[in-house]
Structures are given as structure tokens and as C-alpha cells.
């Protein structure tokens, strides 16, 4: 099947030409309880220092103020804003041309984040948890990542079940795009994410990665977030997320082979080298 041509994104001074190469989204969690790096970067100084190290390797910075790890508790919009807004402001001042994505399920947080300098919305609920999210994006006309998640963070890993995991997720994403378009979001501003680890067990995650080509005919940029995920820890017997770099590199290579356009990663320096090799082979 020939992959559809997808209109490029132009964000600040950067053009994202889908299919040209693999783009990297660097993760910056400004939370006390994220699964891998909670509490490390929730001050402006620490965040700026971390981004300074990532800057040569990333194309987008993704900032999140609410943990979506399994069993995570929800936080209020006010608390989430208190966490992310000062850091978005500081990073926008420090790096004026860096595309910034805000990882949130709340329209009020998204609105404030865009107002202080964020460019993109990354909603792991695909707009389902806040009925105001998609209409807001339609009004703002900014890019959005729509992700599949079965259940919610507190419950998603209890007993995930699918009839046919890949086809079920593809149908969900197609439906999510239709809803987004009905809210005024142009198709070319929508990217999709099958949601590795979000309501999936080990076998589900492997099945998705093995069959990424199924998502190509949706005609949207494809984001994969496999970095340091639990399935890698299980396969490699690495209980600590920070010890999963080598497994992450292998998973990222498989995602590129399957047609991923963007990888969301914690270790962009190392993953960037893996991308260059995989791009040379598969693109």
C-alpha cells in the first residue's frame, strides 16, 4: 500500500516533511510522580538545563504537568497550570524557535499553554475527557496529537482487552479524526498515536508495533511513544525505567521500520543516532 502524502507542518522556523526522516519529540515531565523522571525537572532552572542538553537532537519538546502512568491520580487544572505555565514561558524566552507541545487532557490548561508560547497539543485522551478540548483546537487552528487509550490512567492496566487490537485502535483513531474535523480541526493538523502502554499488555504492544503499516492509510503523521515503557522492562528484565535505553533503541528502530514519523523519547541524543541509521535503511 502506498503511503498517502500528508501536508507538511510549519511550526515557527521548522518544517515537518512527513516521510522525509524521523522526527524526535523530547519528553519534559514537570511532575512529582511521572513513571521515569518525576520530580527531576519541575523547576525553571532544572527544565532549562535539561532542554539545553536535548536541544541539538529534538524537533519538538513535549511538556507535561500531569502524570499519565498506570494508577496515576488526576490533578486539578489549576495545579497543572501552576506546574507547566512558568516553565513554558521560561523555555519560550530561552528558545524562541523551539516547537513546544503541551501534554494535557484539559482544555483550560491547553488554552493557557498556547497563550504563553506552546505550539501543539498532545492529548492522550484524544479529546474524550474534556468536551471543550477539540472545539478549542478548532478555534486556535493548532496541530494536535490524538492518542488511543483504553480506560483512564488509573484503571487502564487492570484488564485491557480487545477483539482485534490493531483494528480496534485503527477504528478508534479514524473515529477520533472524524470528531476532530467536525469541531473545525483541519485533517492536516491532526497526528495520531496508537498509545503504546496505555491500556495494553505486553502482547498488545508487540502486536501494534509489528503492524504499524496498518495505520498508514489513515493519512496522518504517526507518533510512537515506546521510550522506557514497561513492556521493554519485562522483555529485558529491567525494572528501573532509566535502565531501558538499549531496549528503547531496539523498539524505536522497529517503529521506524513500520513507518513512524515521530518518536517521543527521554534520551534524544542516543535515539537520534539510532534514527539516522534506521532512516538510512528504511526511508
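Here are the numbers for the structure shown:
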read-out	value
Extreme residue, surrounded by the most Cβ atoms within 10 Å (Cβ to Cβ), among residues of segment 253-281 that are in a helix (DSSP H, G or I), touching a helix residue (DSSP H, G or I) at 6+ places or on another chain (Cβ under 7 Å) and free of Cβ contacts under 8 Å to residues at least 60 places away in the same chain	255
Qualifying residue in segment 230-239 (condition: under 28 Å from residue 121 (Cβ atoms), surrounded by 23 or more Cβ atoms within 10 Å (Cβ to Cβ), out of contact with any strand residue (DSSP E or B) (no Cβ under 7 Å at 6 or more places or on another chain) and at pLDDT 95 or above)	yes
The lone exception for residue 96 - which of (1) in a loop (DSSP other than H, G, I, E, B); (2) in contact with a helix residue (DSSP H, G or I) (Cβ under 7 Å, 6 or more places away or on another chain) it fails	(2)
Filtered residue count, segment 163-198, keeping only those that are more than 19 Å from the chain's Cα centre (by Cα) and modelled with pLDDT under 95	1
Verdict on residue 85 being without any contact (Cβ under 8 Å) to a residue 60 or more places away in the chain, surrounded by 17 or more Cβ atoms within 10 Å (Cβ to Cβ) and under 23 Å from residue 271 (Cβ atoms)	no
Residue within segment 177-187 that is out of contact with any helix residue (DSSP H, G or I) (no Cβ under 8 Å at 6 or more places or on another chain), farther than 24 Å from residue 132 by Cβ and not in a helix (DSSP H, G or I) present	no
Residue 80 vs. criteria crowded, with 24+ Cβ neighbours inside 10 Å and under 18 Å from residue 264 (Cβ atoms)	no
Filtered residue count, segment 23-32, keeping only those that are in a strand (DSSP E or B) and either within 10 Å of residue 261 (Cβ to Cβ) or out of contact with any strand residue (DSSP E or B) (no Cβ under 8 Å at 6 or more places or on another chain) (or both)	1
Residues (assigned to a loop (DSSP other than H, G, I, E, B) and farther than 19 Å from residue 214 by Cα) located in segment 6-22	7, 8, 12, 13, 17, 20
Unique match (being at pLDDT 95 or above and buried (at least 18 other Cβ atoms within 10 Å of the Cβ)) among 206, 212	212
Criterion (modelled with pLDDT under 95 and not in a loop (DSSP other than H, G, I, E, B)) met by exactly one of 3, 49, 40	49
Test result for residue 151, modelled with pLDDT of 95 or more, out of contact with any strand residue (DSSP E or B) (no Cβ under 6 Å at 6 or more places or on another chain), under 26 Å from residue 212 (Cα atoms) and assigned to a loop (DSSP other than H, G, I, E, B)	no
Residue within segment 55-76 that is touching a helix residue (DSSP H, G or I) at 6+ places or on another chain (Cβ under 8 Å), in a helix (DSSP H, G or I), buried (at least 19 other Cβ atoms within 10 Å of the Cβ) and at pLDDT 95 or above present	no
Residues that are under 25 Å from residue 8 (Cα atoms) and part of a helix (DSSP H, G or I), drawn from segment 226-252	252
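The values are calculated or read from the model by the stated rules, or taken from the named source; none is laboratory data. Keep in mind the model is a prediction, meaning the values are calculated, not measured. A quick note on method: Cβ atoms are made from the backbone with ideal geometry, for glycine too, and the neighbour counts reach across all protein chains shown.
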